[in-house]
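To start, the structure under review is shown below, and the notes come after it.
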Amino acid sequence: MIKINIGLKGSGKTPKLIEAVNAAIDIEKGNVVCITEGNRLMHDITQKARMINTEHFDIKNMDVFEGLLCGIIAQDFDVTHIFIDSIFKSVPSATMEDLEGFITRLEKLEDEFNVSFTIMVSAEESAAGENVKKYIG
């Protein structure tokens with residue numbers, strides 16, 4: 001499953017993410033990972049979730065970010081859900097067009113490794129292309 005929450009800053013995406021991560025801990029059969037830029041969610045998300053702060057990595061583009069995801073999956077085949085908060089903060093150079101291609105690669109990771117992804121995107125929904133729109137929910 002891929003799910004995308006999209007909206008401008010202040011539209012309530014982060015509280016939804018916190019709720020979804022904490023709920024996933026109770027229902028997922030494997031490990032839950034939350035990727036965010038900075039430590040701001042550390043006290044809101046249960047410590048049972050694996051938190052990854054992208055400030056510790058030099059993420060230049062979506063290819064490098066995909067490499068990070070692959071490393072997470074390769075290191076722990078029990079990962080069942082990866083939550084990504086504010087993807088454009090973790091990958092500052094990325095655009096909506098980059099996100100379109102990235103979704104195709106996520107679909108392959110989802111199929112091959114049975115990992116679900118939930119992504120928070122700070123943008124107007126009208127800016128989303130077809131690949132992104134099919135996962136907005």
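The values are calculated or read from the model by the stated rules, or taken from the named source; none is laboratory data. All values derive from a computational prediction rather than experimental measurement. Neighbour counts are summed over all protein chains in view; Cβ atoms, including those assigned to glycine, are modelled from backbone coordinates with ideal geometry. Side chains included, ligands, DNA and RNA excluded: accessible areas come from the protein's heavy atoms. Shrake-Rupley method; radii C 1.70, N 1.55, O 1.52, S 1.80 Å.
Quick notes on this one:
- Residues in segment 93-103 that are open to solvent by 50 Å² or more (accessible area, probe 1.4 Å) and either touching a Gly at 6+ places or on another chain (Cβ under 9 Å) or modelled with pLDDT of 95 or more (or both): 1 in all.
- The set of residues in segment 75-92 that are outside any loop (DSSP other than H, G, I, E, B), out of contact with any Asp or Glu (no Cβ under 8 Å at 6 or more places or on another chain) and open to solvent by 30 Å² or more (accessible area, probe 1.4 Å) comprises Gln75, Phe88.
Yes/no per residue for (1) touching a strand residue (DSSP E or B) at 6+ places or on another chain (Cβ under 9 Å); (2) of a type in the set (Asp, Glu); (3) closer than 20 Å to Ala20 by Cβ; (4) open to solvent by 20 Å² or more (accessible area, probe 1.4 Å):
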{"site": "Leu41", "(1), (2), (3), (4)": "yes, no, yes, no"}
{"site": "Lys48", "(1), (2), (3), (4)": "yes, no, yes, yes"}
{"site": "Thr54", "(1), (2), (3), (4)": "yes, no, yes, no"}
{"site": "Asp58", "(1), (2), (3), (4)": "no, yes, no, yes"}
{"site": "Val64", "(1), (2), (3), (4)": "no, no, no, yes"}
{"site": "Ile73", "(1), (2), (3), (4)": "yes, no, yes, no"}
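- Number of the condition not met by Ile6 [criteria: (1) assigned to a strand (DSSP E or B); (2) among the hydrophobic types (A, V, I, L, M, F, W, C); (3) closer than 22 Å to Glu112 by Cα]: (3)
- Residues located in segment 51-68, provided they are among the polar types (S, T, N, Q) and in contact with a helix residue (DSSP H, G or I) (Cβ under 8 Å, 6 or more places away or on another chain): Thr54, Asn61
- Cβ pairs under 9 Å, 6+ apart, first in segment 116-137 and part of a loop (DSSP other than H, G, I, E, B), second open to solvent by 60 Å² or more (accessible area, probe 1.4 Å): Ala123/Leu8; Glu124/Leu8; Gly129/Glu97; Tyr135/Met1; Tyr135/Lys3; Gly137/Lys3
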